[in-house]
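Asker: Structure provided below as structure tokens; questions to follow.
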Amino acid sequence: MTTHDEDRTEQWRRILTGADPALPHLRRWWKRLPSSPRCKVCAAPFHGPGALLTRAIMHGRSGTNPLVCNLCFTGLRDEPGGAEIDLSILFADIRGSTALAERTSAAEFRRLLQRYYGIAGKAIEANGGIVDKYLGDGVMALFIPVIAGENHAMRAVQAGEELLSSVRGSDLAEAGVRVGAGVHTGTAFVGAIGSGDELDFSALGHPVNVAARLGSVAGPDELVVSRMTWEAAGRSSADASISVRTIEIAGRASPLEVVTIGPTVPAAR
């Protein structure tokens with residue numbers, strides 16, 4: 001790695017960990033203006049009165065990547081890179097979405113998905129996370145220190161709990177929508193991924209794959225959290241409302257111990 005690359009990686013690390021105060025200050029400023037959805041990097045608003053200002057000063061929604069603004073996309077393209085940092089990742093998706101789509105009209109299924117995206121986004125943003133991707137019937141969210149703080153594990157777990165609780169208490173439950181979610185913490189690469197105009201701000205690495213696996217094994221209304229994340233979040237493994245078990249993870253030499261929480265907790269094994 002050249003000195004320039006090393007300097008750029010260190011700059012990314014300072015930004016992502018919050019050691020560089022510029023991004024937190026910018027996000028706080030934009031958060032004063034309505035409204036969501038927002039740029040997942042700088043939090044510039046894409047709707048409401050704030051959208052008029054963002055479009056006027058190049059922070060309007062990017063036509064290439066609608067999850068970021070034009071200015072952030074240009075920055076990612078012109079200064080690609082990233083750094084390996086500790087973060088927490090959440091995956092949450094609708095269980096039985098194929099069957100749900102079969103028994104509803106296409107328009108109604110889209111309405112349910114949009115409603116779910118709104119609920120999920122609210123729970124994630126309220127806990128300092130950013131929606132990384134919408135995955136058909138699910139979402140992937142990142143809890144990065146620069147935004148979520150050093151207690152990102154706690155905030156990711158809280159986001160998962162609030163997301164599931166909000167879905168259960170909404171009209172989605174009446175329509176038969178049920179969601180499962182998984183959370184994991186680890187060291188992953190975070191930064192600009194792709195090339196040219198096909199760029200995104202995202203995360204890569206084994207922790208992302210583990211979080212996706214936890215999300216896939218979660219049953220309806222269940223939150224599955226790796227035990228290390230649960231303990232990093234300051235939660236007790238002696239809680240009577242949880243179950244502790246092990247699951248197999250592809251690419252991992254040994255099974256992973258996980259905590260499951262939900263309305264109905266399965267027996268530990």
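Asker: So which strands (runs of 3 or more DSSP E) stay within the stretch 59-172 end to end and still have 2 or more residues that are over 13 Å from the mean Cα position of the chain (by Cα)?
Answerer: Where strands (runs of 3 or more DSSP E) fall fully within the stretch 59-172 and carry at least 2 residues being over 13 Å from the mean Cα position of the chain (by Cα), they are 82-95.
Asker: Something else now. Applying the selection to the stretch 183-192, what residues are farther than 28 Å from residue 63 by Cα and touching an Asp or Glu at 6+ places or on another chain (Cβ under 9 Å)?
Answerer: Passing the criteria: 185, 186, 187.
Asker: Is there a residue in the stretch 36-44 that is at pLDDT below 90, on the phi < 0 side of the Ramachandran plot, outside any strand (DSSP E or B) and open to solvent by 70 Å² or more (accessible area, probe 1.4 Å)?
Answerer: There is no residue in the stretch 36-44 that is at pLDDT below 90, on the phi < 0 side of the Ramachandran plot, outside any strand (DSSP E or B) and open to solvent by 70 Å² or more (accessible area, probe 1.4 Å).
Asker: Of a type outside the set (Lys, Arg), open to solvent by less than 30 Å² (accessible area, probe 1.4 Å) and more than 21 Å from residue 189 (Cβ to Cβ): does that describe residue 113? Working first, answer last.
Answerer: On the way: of a type outside the set (Lys, Arg): yes; open to solvent by less than 30 Å² (accessible area, probe 1.4 Å): yes; more than 21 Å from residue 189 (Cβ to Cβ): yes.
Judged against the criteria, residue 113 is a match.
Asker: Could you list all residues from the stretch 171-203 that are over 24 Å from residue 67 (Cβ atoms) and small (Gly, Ala, Ser)? Before you say what the answer is, go through the steps one by one.
Answerer: As a first pass, look at the stretch 171-203 and keep what is over 24 Å from residue 67 (Cβ atoms): 171, 173-176, 178.
Those that are over 24 Å from residue 67 (Cβ atoms) and small (Gly, Ala, Ser): 173, 175, 176.
Asker: Select from the stretch 75-94 the residues that are touching a Gly at 6+ places or on another chain (Cβ under 8 Å), surrounded by fewer than 20 Cβ atoms within 10 Å (Cβ to Cβ) and acidic (Asp, Glu) and list them in ascending order.
Answerer: 84, 86
Asker: Looking at 216, 202, 195, can you tell me which residue is over 16 Å from residue 161 (Cβ atoms) and in contact with an Asp or Glu (Cβ under 6 Å, 6 or more places away or on another chain)?
Answerer: 202
Asker: Picking from 47, 4, 25, which residue would you name as being part of a loop (DSSP other than H, G, I, E, B), out of contact with any helix residue (DSSP H, G or I) (no Cβ under 7 Å at 6 or more places or on another chain) and surrounded by fewer than 17 Cβ atoms within 10 Å (Cβ to Cβ)?
Answerer: 47
Asker: State all residues of the stretch 171-216 that are aliphatic (A, V, I, L, M) and within 19 Å of residue 100 (Cα to Cα); if no residue qualifies, say none.
Answerer: 172, 173, 175, 177, 179, 181
The values are calculated or read from the model by the stated rules, or taken from the named source; none is laboratory data. Note that the structure is a prediction, hence the values are computed from the model and not measured. Heads up, the Cβs are rebuilt from the backbone with ideal geometry, glycines too, and the neighbour counts pull from every protein chain shown. When the accessible area is computed, the model is the full protein with side chains, heavy atoms only, and any ligands, DNA or RNA have been set aside. Shrake-Rupley method; radii C 1.70, N 1.55, O 1.52, S 1.80 Å.
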